[in-house]
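Q: Once you've had a glance at the structure underneath, I'll fire off some questions.
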Amino acid sequence: MRHRKAGRKFGRNPSQRQALLRQLAISMIQHERLTTTEAKAKTLRPIVEKLVTIAREDSQHHRNLVMSKINNPPATAKLFEVIAPRFEEAPGGYTRISKLGIRHGDAAPMALIEFIEA
């Protein structure tokens, strides 16, 4: 039984899964949209939204928190200087997931995850 076993594994060990989600978050911040599978988009959404919530208040402590999670200075700078100011007044819900259909190679359901226009 899988009681209380939340979260997706993506067929990877924990360190590979963490690296995958970190790189997806970095790509999402840098390009402000990302095309990936539905499962990865649904797992990425709370990660990115928590980063935006932290970045809404620009302080050295918050920059260190974000850097500890994504470890990418250009993405961190863009998050604090471009993305977070857009959502200063928003209470949450900074991203949108749109389903795109299936991928031709393996029939995986694809999705577009992007920041909403605030």
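The values are calculated or read from the model by the stated rules, or taken from the named source; none is laboratory data. Everything numeric here is computed off the predicted structure, so don't read it as measured data. In this analysis, Cβ positions are derived from the backbone assuming ideal geometry, glycine residues included, and neighbour counts consider all displayed protein chains.
Q: Conditions first: (1) out of contact with any Leu (no Cβ under 8 Å at 6 or more places or on another chain); (2) surrounded by fewer than 17 Cβ atoms within 10 Å (Cβ to Cβ); (3) over 23 Å from Q18 (Cα atoms). F87 passes all but one, so which condition is the exception?
A: Every listed condition holds for F87 apart from (2).
Each row is one residue, and each column tells you yes or no for (1) under 15 Å from the mean Cα position of the chain (by Cα); (2) assigned to a helix (DSSP H, G or I); (3) aromatic (F, W, Y).
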{"residue": "A6", "(1), (2), (3)": "no, no, no"}
{"residue": "F10", "(1), (2), (3)": "no, no, yes"}
{"residue": "R17", "(1), (2), (3)": "yes, yes, no"}
{"residue": "I47", "(1), (2), (3)": "yes, yes, no"}
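Q: Can you list residue pairs whose Cβ atoms sit under 8 Å apart, with the first residue in the range 40-51 being over 12 Å from R8 (Cβ atoms) and buried (at least 22 other Cβ atoms within 10 Å of the Cβ) and the second being at pLDDT 95 or above and of a type in the set (S, T, Y)? Count only pairs 6 or more apart in sequence or on different chains.
A: Listed by first residue and then by second, the contacts come to V48/Y94; V48/T95.
Q: Might you let me know whether the range 36-47 holds any residue that is within 18 Å of R86 (Cβ to Cβ) and of a type in the set (D, E)?
A: No: the range 36-47 contains no residue that is within 18 Å of R86 (Cβ to Cβ) and of a type in the set (D, E).
Q: Looking at this structure, is L51 touching a Leu at 6+ places or on another chain (Cβ under 6 Å) and at pLDDT 95 or above?
A: no
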